[in-house]
Amino acid sequence: MEKAIKDDKISDFRDLVNSNSSFVYNTYHNKNGKNQWNLICSCMDWITVSIRYLQHTPGFEENIDVRVMQMFSLISAIDLVSEAITQLHRVFINPRTLPFSGEKECFTNRLFDEDDNSYFKSIRASFGAHPVKLNHTDCKRFASWPYDNHMGNGELTVNLYSNKVGESDLVMVLNSNELFCFLLKRYNYLDVLSQAITKLFNDFKLILIKQPIETKASYLEQLYILKNESEIRLNNDYYNDVIDNLIMVYEAEPLEPDLEIKAANYRRSLELLIDEIKINLQLMNIIDLDNDGLLEPKSDLSRKLSYELGKFYSWLHESRYDPLANYYLERFNEETDYIYDFKIEDPVNTLFIKAKIMLLD
């Protein structure tokens, strides 16, 4: 089993779930009032745990008791994968159906007329889950001490005793190759789930591509439209942050005349970025913005003040007390001969745009 199964598939599935600007999280963290994202994460985590365990299972011991418990650990790991796949199926494909329902492909010489899903549960119960409390037939049964199978059709055998006097024992055989068949079919179902997620994402994109984003003559009004559309269209943190910063620039009160000329030129330079955001959101093409560098002018001064600027922006955005705030502003004033006259009393938007046009020099 170590050679035949790898954790690549669950790793790839996890990457898909976390891709596309967290489409799955945005869709399922509040789905009809339920946090299905937590369920998805739990399923992925336990599949990973189980598969990695199955990759590194130790060789079976000669001692029958130890071997029985090793086999039960194997069954339990497979059960975790199976249950997780079932839950993911209910989330992504159909909440009212079970995957593999009715299939009878993995187990031969089955003791009960059950499909693979149910028969696996019977094996699990008889070989360790609750062997002293079985309800397989019209009577209560109890599993015997497992013993080696000598018929060549499995590794272990149990007798299922009845609580009825004179009732014959039933004999159940455990075959690890059949267990592996059961595991592999369910683990490979991640491919089906991946296709379902990809289709859900593509359908989601297509719906929004067909919905035109409203165009406004005012760039500030346009930014508020884009802010709303960005939240609807994948709610990407990167796009949201850029739009919020642009709104700060366009909402800033007019500066004194000489500085306002620079501010107006700076705003005009950002129109390319705003147009790019609108185009990308319309096409549901949430990629890095070619023009995002326009928002943060690069200059010798930006490099010289890189530490202070980083702290300054954090202070503005987080709106919390920073004992060094006056120091940052004083550094800006010193380096620019007080041309921009940074003051702690200035509104946040004013400080923000002053910092931006300061870097244009």
**OP:** Output the residues belonging to region 82-102 that are of a type outside the set (G, A, S) and under 18 Å from the mean Cα position of the chain (by Cα).
**Re:** I85, T86, Q87, L88, H89, R90, V91, F92, I93
Original post:
Mind checking whether some residue in region 244-258 is within 30 Å of D203 (Cβ to Cβ) and surrounded by fewer than 16 Cβ atoms within 10 Å (Cβ to Cβ)?
Top reply: yes
Subject >> Residue match in region 17-24 (condition: free of Cβ contacts under 8 Å to residues at least 60 places away in the same chain and under 21 Å from A196 (Cβ atoms)) >> reply: yes
Subject >> Checking F23 against (1) open to solvent by less than 70 Å² (accessible area, probe 1.4 Å); (2) at pLDDT below 95, the condition it does not meet >> reply: (2)
**OP:** For region 83-142, enumerate the residues that are farther than 20 Å from L193 by Cα, open to solvent by 30 Å² or more (accessible area, probe 1.4 Å) and hydrophobic (A, V, I, L, M, F, W, C).
**Re:** L111, A129, V132, F142
**OP:** Among the residues of region 187-230, count how many are in a helix (DSSP H, G or I), open to solvent by less than 30 Å² (accessible area, probe 1.4 Å) and among the hydrophobic types (A, V, I, L, M, F, W, C).
**Re:** 8
Original post:
Quick one: is I47 within 15 Å of I10 (Cβ to Cβ) and open to solvent by less than 20 Å² (accessible area, probe 1.4 Å)?
Top reply: yes
**OP:** Under 6 Å between Cβ atoms, at least 6 apart or on separate chains: pull out the pairs that start in region 33-46 with a residue that is in a helix (DSSP H, G or I) and end on any residue that is open to solvent by less than 40 Å² (accessible area, probe 1.4 Å) and hydrophobic (A, V, I, L, M, F, W, C).
**Re:** Q36/V91; C43/A84; C43/L88; W46/A84
Original post:
Hey, L329 hits all of (1) buried (at least 18 other Cβ atoms within 10 Å of the Cβ); (2) closer than 30 Å to D203 by Cβ but one; which does it fall short on?
Top reply: (2)
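For residues that are in contact (Cβ under 8 Å) with a residue 60 or more places away in the chain and surrounded by 18 or more Cβ atoms within 10 Å (Cβ to Cβ), scanning just region 161-174, find the one that is nearest to the chain's Cα centre (by Cα).
Among those that are in contact (Cβ under 8 Å) with a residue 60 or more places away in the chain and surrounded by 18 or more Cβ atoms within 10 Å (Cβ to Cβ), it is L174.
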**OP:** Among what's in region 144-155 and is modelled with pLDDT under 95 and open to solvent by less than 30 Å² (accessible area, probe 1.4 Å), pick the residue that is farthest from the chain's Cα centre (by Cα).
**Re:** N149
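Here is a yes/no grid of residues against (1) of a type in the set (A, V, I, L, M); (2) closer than 25 Å to N202 by Cβ:
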| residue | (1), (2) |
| --- | --- |
| D12 | no, yes |
| D45 | no, no |
| I51 | yes, no |
| V68 | yes, no |
| F72 | no, no |
| I75 | yes, no |
Original post:
Out of all the residues in region 297-335, which are in contact with a helix residue (DSSP H, G or I) (Cβ under 6 Å, 6 or more places away or on another chain) and outside any helix (DSSP H, G or I)?
Top reply: D322
Subject >> Condition check for G59: small (G, A, S), surrounded by fewer than 12 Cβ atoms within 10 Å (Cβ to Cβ) and at pLDDT 95 or above >> reply: no
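This table checks each residue for (1) closer than 24 Å to L270 by Cα; (2) free of Cβ contacts under 8 Å to residues at least 24 places away in the same chain; (3) in contact with a His (Cβ under 7 Å, 6 or more places away or on another chain).
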{"site": "P297", "(1), (2), (3)": "yes, no, no"}
{"site": "L301", "(1), (2), (3)": "yes, no, no"}
{"site": "S306", "(1), (2), (3)": "yes, yes, no"}
{"site": "L324", "(1), (2), (3)": "no, yes, no"}
{"site": "E330", "(1), (2), (3)": "no, yes, no"}
{"site": "T350", "(1), (2), (3)": "yes, no, no"}
{"site": "A355", "(1), (2), (3)": "yes, no, no"}
{"site": "M358", "(1), (2), (3)": "yes, no, no"}
**OP:** All but one of (1) farther than 30 Å from F204 by Cβ; (2) open to solvent by less than 60 Å² (accessible area, probe 1.4 Å); (3) touching a residue at least 24 places away in the same chain (Cβ under 8 Å) hold for W315, so report the exception by its number.
**Re:** (3)
Original post:
Within region 336-361, which residues are assigned to a helix (DSSP H, G or I) and buried (at least 17 other Cβ atoms within 10 Å of the Cβ)?
Top reply: T350, L351, F352, I353, K354, A355, K356, I357, M358
**OP:** Only residues in region 260-285 that are in contact (Cβ under 8 Å) with a residue 40 or more places away in the chain and closer than 21 Å to S230 by Cβ count as the first member; pair them with residues that are aromatic (F, W, Y) and open to solvent by 30 Å² or more (accessible area, probe 1.4 Å), Cβ under 7 angstrom, at least 6 apart or cross-chain, and list the lot.
**Re:** R267/Y250; E271/Y219; I274/Y219
**OP:** Tally the residues that are under 12 Å from F352 (Cα atoms), assigned to a helix (DSSP H, G or I) and over 38 Å from the mean Cα position of the chain (by Cα), restricting the search to region 242-267.
**Re:** 1
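The values are calculated or read from the model by the stated rules, or taken from the named source; none is laboratory data. For clarity, every value in this text was computed on a predicted model and none was experimentally measured. Don't worry about glycine lacking a Cβ; one is built from the backbone with ideal geometry, like all the others, and counts go over all protein chains shown. Just so you know, the surface numbers come from the protein's heavy atoms only, side chains and all, with ligands and any DNA or RNA stripped out. Shrake-Rupley method; radii C 1.70, N 1.55, O 1.52, S 1.80 Å.
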